[in-house]
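Enquirer: What follows is a structure written as C-alpha cells; I'll ask about it next.
Please treat every number below as a calculation from the coordinates, not as lab data. The structure presented is a predicted model; accordingly, all values stated were derived computationally and were not measured. As a convention, Cβ positions derive from the backbone with ideal geometry for all residues, glycine included, and neighbour counts pool all protein chains shown.
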C-alpha cells in the first residue's frame, strides 16, 4: 500500500531541515571535515537512504528524528519543526535520569541540553574528544597514530598586510594521522601559522591558528588561501575572474573591500597554500 502523502507542515519541516543541513555541509567542507549524508547518518544512527528520505520529504519527520538532527546540526528543534519540537520535551523527560531531578530540575522542566540524551552520548562520548594538558611530549600517552606538525611564528596577515619575514619555528603540535587521511593532505605539506588582523572575522580572528597545505596551490573557486601579493602576506577567499584575473575577498567585507588582481599582475601572486584547519579563542577572548 503506498504511503500517504505528507502534510504541508511536514513538507515545510523537510525544507527547513534541508536548509540547515546545507549550511552544516558548507561549514564542514570549509574545515575539511566529512560532510556527506552517509557521514552525518553514521553520527546519529541513520542510514544514507533514511537521511535522503527525510531531507527530500519522502518520509515525515518525527520528534526523535528532529532531536537527532538538531543535535547534529547544532540548532534548536524549533529551527527544524516548531510543531514537533514541543513533543521532543516529552521524549527527553523519559530519557532523563532520576538523579538529574535531585539537583533542582522541576518535573516539567526539559533537560538543560534540550536534546535527546542518547544522541548527545553518541556525539560526545566520554572517552573521546577530551582535552589533555601537556608541557612536554613525554606527558602524552603513547599513540602510534599521532603526527607532529611544526608551528611557525610566521605572521600571515588577515587585514592590514603586516609582514614578518623572520620565520622562527615554535613548539610542534600533535594531530591524529586519521585527520590527514580524511582530508587528503600529507603531514609533510602542512604548517601551522598565526593569523594577524580582523579582515576574515568571523571565520578567522586575530591570533587564531590556521593550518595550510602548501601542496594545494591550484585555486578552487571560493576557497581560502594564504598568499603573497606585492610583498603582503594575506589570507583571503579567492575567486577567478574573466581573462585570468583574481578577486580577493574578506569575510569582513564591510571594512575590507574586495581587491581585484588583474591578469597583468598575476606574476606578483604566490599561493602559499590552502587553509585546511583553524583553531583559536575566536570572539571568546585572547585576541
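Enquirer: Using C-alpha positions alone, give me the convex hull volume of region 1-62 per residue in cubic angstrom.
Expert: Details: hull volume 4.8 nm³, N = 62.
Taking only Cα atoms, region 1-62 has a hull volume of 77 Å³ per residue.
Enquirer: How much length would be gained if the chain were fully extended between residue 264 and residue 230, taking 0.36 nm per residue of separation minus their Cα-Cα distance, in nm to one decimal?
Expert: Details: separation 34, 0.36 × 34 = 12.24 nm, distance 1.28 nm.
Extra length available between residue 264 and residue 230 comes to 11.0 nm.
Enquirer: Exposure proxy check: 212, 260, 80 ranked by fewest other beta carbons within 10 Å? Each step should come with its number before you reach the end.
Expert: Details: 212 24, 260 12, 80 28.
By the 10 Å Cβ count, ascending: 260, 212, 80.
Enquirer: Determine, for 185, 214, the number of other Cβ atoms within 10 Å of each Cβ, and report the residues in order from fewest to most.
Expert: Values: 185 22, 214 16.
So the ranking, lowest neighbour count to highest, is 214, 185.
Enquirer: Next question, about the same structure. Please work out how much length the chain gains when fully extended from residue 26 to residue 223, using 0.36 nm per residue of separation minus the C-alpha to C-alpha distance, in nm with one decimal.
Expert: Working: separation 197, 0.36 × 197 = 70.92 nm, distance 1.13 nm.
Contour length minus the Cα-Cα distance gives 69.8 nm.
Enquirer: Would you list 205, 239 from fewest to most Cβ contacts within 10 Å? Intermediate values should be presented prior to the final figure.
Expert: Numbers: 205 21, 239 16.
Ordered by Cβ neighbours within 10 Å, fewest first: 239, 205.
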